[in-house]
Every structure is written in C-alpha cells, then in structure tokens.
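One structure below.
The values are calculated or read from the model by the stated rules, or taken from the named source; none is laboratory data. All values reported here derive from a predicted model rather than from experimental measurement. Every residue, glycine as well, gets a Cβ built from its backbone with ideal geometry; the counts of neighbours run over all protein chains shown.
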Amino acid sequence: MKSQPNRSSKRFAPSRWAERIVPVILGVLLLALVLTVSFVILSVLGMLPAG
Amino acid sequence: MHYISILSTIISFAFAVAVFNRYRYKKGPHLLMWGIGLVFYGIGTLTEVVLSFTFSPLALRLWYLTGAMLTAAWLGQGSVYLLVRRRRVASTLMVILTVASVVAVLLILVAPLTPAAAAFDVTRPVSEQYKDILTRSGAIVALTIILNLYGTVTLVGGALYSAWLFWRKKILLNRMLGNILIAAGALMPATAGTFLQMGLVDWLYVSEFLGVVLMYAGFSLAISGNPVLESKHAATSVAN
C-alpha cells in the first residue's frame, strides 16, 4: 500500500495483496474477539471450567 | 518472568505519558480514559514485579483490581467516548463504570486472604497462585467478567470498526494500520484468562508485554503525520 501526495496524503491506493490480506486480518481479529467473548460467556454458563 | 513485567511496566507508563501529553492539547475525554486505563495497566504489571520479589497483600489486591478488573474497562470507555456520537450515552456508561469501579475497589479491599498467603512462592507466577489466596466472592467474579467483557468488546471492537471504516473509505492508511495494531494488542491480554484456565499461566506476562507494545505502536502510528489538524477525523479514529 502506498500513500498518495497531499490532500490526499489522506487517501491511499492499496496494492493487490493488500486488497486481500487486510480484510482477512480484520476478519481473523474479529473472530478472535468473538471466540474470547464466547469463552467467557460459556464459562459463566458453566459449560466450561469456571475461572 | 519478572523481567517481562518490568519491561511491560516501563512501556505502559511511557505509553500513558504519551496519551496524557496528547490529552493536554487535544482535550478529548477518550484520551483521558485511555491514559487512566494505561496507568491501571502499568500498576498491574508493576505489582507483578513486586510479587516476584516478595509477597504483599496490598500488591496482590492491586494486581487483581487493576489487571483483572479495571484496565480493560477504562481503556474501552475511551473508545466509547470516541465512537459513540451521543454524548449522553457515553456519559451514562461513564457513570456506571465509575460506580462499578468504586464497588470493585471496596470489594477487593475487604476480600479476605486465605492462609495460603503464607505459602506464596515468589518464584511462581502470581497468576498461578492468586485463586488460592484471594477469596473472590460471587460479586467479585461477576464484576470481573462484566468489566472485562465491556472493555474487550468496546476496545477491540472499536479499533476494528475504525480500521474497517478507514479501509472502506481508503483514507488515513496510518490510522487504519494503527487501529489494527491496537485491536491485536488489546486482544493479547484479553486472551490471558482463557489461557490461564488451560494452565498456560505464563502467557499472562507475555500477553501483557506483547499487548502494550502493539497498542503503543498502533497509537504512535495512528497519530503520526498531522497530529493536531485532523480533528475532523477524530470521530472515526480510535487512536486519535
């Protein structure tokens, strides 16, 4: 990914690999968040060993 | 493991100073909340250092209070202030968090310690021993879970949401990447509880270190460039 100049140093044009990898990274992080929250909730419900 | 905690403490307080410095001239309540959250983070890791040299009931209580109960929630409250447009909602949540935090302090202060405290082993992680020493009532456990869920969802979710917005609009590359790093960093200590239950007690210290390093890197990246004149974009940037 490279930045464009000026006003628009605020805009960027992602490269082809970035077009693919950024959504994957965001998806993985979201999945990790969901799993972490789910683990805590399942523990509270007694479906996993409580902490 | 105390070397990692020492490093985490230094980085946490340095990070807190950087956030408070930014708060001095930008004045956003989100920066104040993040600064407070980072001070809690630093106190949590500092008490780990203390407990790796000697046992102290106060250090143990502070470790649990800051590390397990308050840090994530206060950091997450910063994200709430930044991302929730309705100030009344954010302020109401702030009042609830303040009351919950005061209750947490009181509960932890009066929580009895068991005789196992006498057998505290400084060579073993506190994360492996605290359950035998600190009597956690149902209220403490419930409050810990609620505060952590609130903090994790708002901090990580807020950073991911911001990163997604920047990505979708293809603007402010530094803030998009910064928010990704913040989300990844915030997830690290959030997973510690899960790994603790799996018996990986040392992961807590590693996760705290990686977490604060990633969040600091993300924050620095997000505010790089034009630090003062980007207020128009503040409402959509977790790391402003």
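Just so you know, in segment B:156-167 the residues that are of a type outside the set (Val, Ile, Thr) and within 10 Å of chain A (Cβ to nearest Cβ) include one that is farthest from the chain's Cα centre (by Cα), and it is B:167. Looking at segment B:183-191, is at least one residue surrounded by fewer than 22 Cβ atoms within 10 Å (Cβ to Cβ), part of a helix (DSSP H, G or I) and in contact (Cβ under 8 Å) with a residue 60 or more places away in the chain? No, segment B:183-191 contains no residue that is surrounded by fewer than 22 Cβ atoms within 10 Å (Cβ to Cβ), part of a helix (DSSP H, G or I) and in contact (Cβ under 8 Å) with a residue 60 or more places away in the chain. Of all positions in segment B:97-115, none carries a residue that is hydroxyl-bearing (Ser, Thr, Tyr), buried (at least 23 other Cβ atoms within 10 Å of the Cβ) and at pLDDT 95 or above.
Scanning segment B:43-88 for residues that are among the aromatic types (Phe, Trp, Tyr), part of a helix (DSSP H, G or I) and over 21 Å from residue B:137 (Cβ atoms) yields a total of 2. Take residue B:14 and tell me if it is in contact (Cβ under 8 Å) with a residue 60 or more places away in the chain, surrounded by fewer than 18 Cβ atoms within 10 Å (Cβ to Cβ), within 17 Å of the chain's Cα centre (by Cα) and assigned to a helix (DSSP H, G or I). Answer is yes for this residue. Restricting B:65, B:70, B:83, B:60 to residues that are over 17 Å from the mean Cα position of the chain (by Cα), surrounded by 21 or more Cβ atoms within 10 Å (Cβ to Cβ) and not hydroxyl-bearing (Ser, Thr, Tyr) narrows the list to B:60.
Looking only at segment B:1-11, filter to residues that are in contact (Cβ under 8 Å) with a residue 60 or more places away in the chain and not hydrophobic (A, V, I, L, M, F, W, C); which one of those is nearest to residue B:73 (Cα to Cα)? So the residue we want is B:8.
Flag: residue B:80 does not match the condition of being within 26 Å of residue B:127 (Cβ to Cβ) and either touching a helix residue (DSSP H, G or I) at 6+ places or on another chain (Cβ under 7 Å) or of a type in the set (Lys, Arg) (or both). Within segment B:132-177, the set of residues being farther than 30 Å from residue B:61 by Cβ, part of a loop (DSSP other than H, G, I, E, B) and in contact (Cβ under 8 Å) with a residue 12 or more places away in the chain comprises just one member, B:172.
Which of the residues that make up segment B:17-46 are free of Cβ contacts under 8 Å to residues at least 60 places away in the same chain and of a type in the set (S, T, N, Q)? Residue satisfying the conditions is B:21 alone.
Among the residues of segment B:169-194, those that are facing chain A (nearest Cβ under 10 Å) and more than 15 Å from the chain's Cα centre (by Cα) comprise B:169, B:170, B:171, B:172, B:173, B:174, B:175, B:176, B:177, B:179, B:180, B:194. Is it the case, given these coordinates, that residue B:205 is under 20 Å from the mean Cα position of the chain (by Cα), under 20 Å from residue A:43 (Cα atoms), more than 10 Å from chain A (Cβ to nearest Cβ) and part of a helix (DSSP H, G or I)? No.
Of the residues making up segment B:180-234, those that are among the aromatic types (Phe, Trp, Tyr) and modelled with pLDDT of 90 or more number 4.
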